[in-house]
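Participant: Below you will find the structure I want to go over with you.
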Amino acid sequence: MSNDHHRNRSVEKKIRFTPEEWQQASAILDQVREYRPMSLNEFVCQSVLGKPITVIAVPLDYMKMEVQVNKIGVNVNQIAHRVNAQDYATLEEVEQVKAELAEVHRLVGEAWKTFREQQGR
């Protein structure tokens, strides 16, 4: 590979699984990937070397976040439609979008705070 000089791990090995072993390993990796990205290489290296695979679940209220993002999308579309039709948007419309965006920002901030607390930071 041409990028080998940029890698810390220069030794490459092939591994083989039975279909049952792969099903089990793949299921575990899929569970980990629900919470954070992890390559098969990272997963195998950590498993073989006995390093813990830490999964931290961040209690993010996806439903509340989705509602807020959808509201923002609807309002932005309404503003864009009005601006395209009449060349203006009301201050009230812009303020509503700003308030909804602030709520999304608050929810993401809470999720990050919880995440950092769980990591002991």
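Participant: Please work out how much accessible surface Val11 shows to a 1.4 Å probe, ignoring ligands, DNA and RNA, in Å² rounded to 10.
Facilitator: Only protein atoms counted, so the area is about 110 Å².
Participant: Now, a different point. Excluding residues on the same chain fewer than 8 positions from Lys51, give the aspartates and glutamates whose Cα lies under 13 Å from its Cα.
Facilitator: Once the sequence-local aspartates and glutamates are set aside, what remains near Lys51 is Glu42.
Participant: Heavy atoms of the protein only, probe of 1.4 Å, neighbouring chains included. What is the accessible area of Thr54 in Å², nearest 10?
Facilitator: Taking all protein chains as shown, Thr54 has close to 80 Å².
Participant: Given a 1.4 Å probe and heavy atoms of the protein chains only, how would you sort Leu49, Leu107, Leu40, largest accessible area at the top? Mind dumping the intermediate values first?
Facilitator: Details: Leu49 115, Leu107 10, Leu40 65 Å².
Solvent-accessible surface, decreasing: Leu49, Leu40, Leu107.
Participant: Identify all lysines with a Cα-Cα distance to Lys71 below 20 Å; exclude those on the same chain that are fewer than 8 residues away in sequence.
Facilitator: Leaving aside lysines fewer than 8 places away in the same chain, those within reach of Lys71 are Lys98.
Participant: Sticking with this one: So how much accessible area does Glu103 have, in Å² to the nearest 10, using a 1.4 Å probe?
Facilitator: 50 Å²
Participant: On to the next question. Arrange the residues Val69, Val48 by how much accessible surface each exposes, largest first, with a 1.4 angstrom probe. Write down the numbers at each step before the final one.
Facilitator: Values: Val69 75, Val48 115 Å².
If we order Val69, Val48 from most to least accessible, we get Val48, Val69.
Participant: I'd like the Karplus ³J(HN,Hα) series for the stretch 101-113: coefficients 6.51, -1.76, 1.60, θ = phi - 60°, whole numbers in Hz, and an x wherever there's a Gly or Pro.
Facilitator: Result, rounded to whole Hz: 5, 5, 5, 4, 4, 5, 5, 5, x, 4, 4, 5, 4.
Participant: Sticking with this structure for a sec: Rank these by accessible area, largest first, 1.4 Å probe: Glu66, Glu100, Glu34.
Facilitator: Ranked from most to least accessible, the order is Glu34, Glu66, Glu100.
The values are calculated or read from the model by the stated rules, or taken from the named source; none is laboratory data. If you're wondering where the values come from, they're calculated on a predicted model, not measured in any experiment. Ligands, DNA and RNA are excluded from the accessible area calculation, which covers all protein heavy atoms including side chains. Shrake-Rupley method; radii C 1.70, N 1.55, O 1.52, S 1.80 Å.
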